[in-house]
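Q: There's a structure below that I have some questions on.
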Amino acid sequence: MWVTTPVVHLREARTDLLVKLELGSRLGVDRVAFLHAQQAAFAPIIESISIRVETDLVDVWRAESSASVERFLARALAFVAAVDGPG
């Protein structure tokens, strides 16, 4: 089911991830489990970006963007666990 499949690209976090979380809420999807799966899917990408040497502003953008997604997932997980229950 599309709504339970983690997003593949960080650039899709703003649209696809938020849509999946909202639709998942309405469809009764275990959003805690989904967010854990999403963290696992993004972990190697975020790690790879975080260890790169920043040589231009695009690298800086990628580093900040990936850190932002990582923070959002942690906060979303805490929020969803409080609202939906621990999963």
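Since every read-out is calculated from the coordinates, none of them should be taken as a lab result. Since we're looking at a predicted model, the values are computed, not measured. Here Cβ is always computed from backbone atoms with ideal geometry, including for glycine, and neighbour counts include all displayed protein chains.
Q: For region 26-40 and region 62-81, what is the separation of their Cα centres, given in Å?
A: About 14 Å separates the Cα centre of region 26-40 from the one of region 62-81.
Q: Which of rounded, prolate or oblate describes region 8-84 when judged by the alpha-carbon gyration tensor and an a/c cut-off of 1.5? Spell out each step's value before the answer.
A: On the way: a/c = 2.69, a/b = 2.31, b/c = 1.16.
It is prolate, given that a/c is not under 1.5 and a/b is the larger ratio.
Q: Okay, moving on. Under 8 Å for C-alpha pairs, at least 6 residues apart: give me the relative contact order for the chain, rounded to a whole percent. All intermediate terms of the calculation are to be shown ahead of the outcome.
A: On the way: 58 pairs, mean separation 29.8, N = 87.
Result for the chain is 34 percent.
Q: So what is the 222 nm mean residue ellipticity for the chain from helices alone, if each DSSP H run of at least 4 adds -39500 (n - 2.57) and you divide by all residues, rounding to the nearest 500 deg cm²/dmol? Don't skip to the answer; put the middle values down first.
A: Numbers: 3 runs with 58 residues, N = 87.
Computed mean residue ellipticity for the chain: -23000 deg cm²/dmol.
Q: Moving on. I want to verify a result. In a Gaussian network model of the chain, Cα cutoff 10 Å, which of these has the top mean-square fluctuation: Val69, Val58, Val19?
A: Among Val69, Val58, Val19, the largest mean-square fluctuation in the Gaussian network model of the chain belongs to Val58.
Q: If you don't mind, another one. Please report, ordered by residue number, every helix of the chain (full DSSP H runs) that is 20 Å or longer along its axis going by C-alpha atoms and whose mean Kyte-Doolittle hydropathy reaches -0.5. Spell out each step's value before the answer.
A: Values: long enough: 31-50 (26 Å, 0.73); 57-84 (39 Å, 0.71).
What comes out of the filter, once short or polar helices are dropped, is 31-50, 57-84.
Q: Taking 7 Å along the Cα-to-C-beta vector as the label spot, tell me the Thr55-Phe79 distance in nanometres, rounded to one decimal.
A: 3.7 nm
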